[in-house]
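Visitor: Okay, handing you the structure first.
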Amino acid sequence: MDSFSAIINSIKKPLFFISRTDFKKIDLVKDLETTIPNLADRATTFTSNDIQKDLLLELKEKFSDFSRFDPAEKVKTVKESLEIVEQIESEKDYLKKSTPDNDAFLIVDRLKKLSVPIQYI
């Protein structure tokens, strides 16, 4: 697991599985209390986006006592966690890699936008 997106997918898979089964198999997925926080810690090292880091910390905290939750709390935690993962994925620089070519493209694109007459903006 080398990339941010792979780690996020590893977090998402068990949560999505649980939600897909209408939360009936929530207890079949073991070790979420340790797995999700460990993956969130690992993902934090792959992003410089502060919003993503805050969301990953929030995700980590949600699973701190997951095994002690009653079934209703577990369902709520999984639903909220899926929403957090979606927010992480929707961050603009989620898949963006800064490369000279990419940066040059962005500059040219912004210059083109600046040259558009004001009436068309």
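The values are calculated or read from the model by the stated rules, or taken from the named source; none is laboratory data. Just so it is clear, the model here is predicted, and its values are computed rather than measured. Counting neighbours? That spans all protein chains shown, and the Cβs are built from the backbone with ideal geometry, glycine included. Heavy atoms of the whole protein, side chains included, go into the accessibility calculation; ligands, DNA and RNA do not. Shrake-Rupley method; radii C 1.70, N 1.55, O 1.52, S 1.80 Å.
Visitor: On a 20 Å Cα-Cα criterion, which of the cross-link pairs Lys30/Lys76; Lys13/Lys76; Lys30/Lys53; Lys12/Lys79; Lys13/Lys62 come out too long?
Guide: Lys30/Lys53
Visitor: Enter the accessible area per residue of the range 1-96 (Å², integer; probe 1.4 Å; all protein chains in place).
Guide: 61 Å²
Visitor: May I ask you to derive the FRET efficiency for Arg68 and Lys13 from their Cβ-Cβ distance with R0 = 25 Å, giving the value to the nearest 0.05?
Guide: It comes to 0.60.
Visitor: Kirkwood-based Rg over Rh for the range 1-83 (C-alpha set), two decimals?
Guide: Ratio of gyration radius to Kirkwood radius: 0.96.
Visitor: Further, regarding this structure: Excluding Lys60 itself, what net charge comes from residues whose Cβ is under 11 Å from its Cβ, given Lys and Arg +1 and Asp and Glu -1?
Guide: -2
Visitor: Could you order Arg110, Arg68, Arg42 so the one with the most accessible surface comes first? Probe is 1.4 Å.
Guide: Sorted by accessible area, descending: Arg68, Arg110, Arg42.
Visitor: Under 8 Å for C-alpha pairs, at least 6 residues apart: give me the relative contact order for the range 1-78, rounded to a whole percent.
Guide: 34 percent
Visitor: What is the local net charge at Asp41, summed over the other residues whose Cβ is closer than 11 Å to its Cβ (Lys, Arg +1; Asp, Glu -1)?
Guide: Residues near Asp41 contribute +3 overall.
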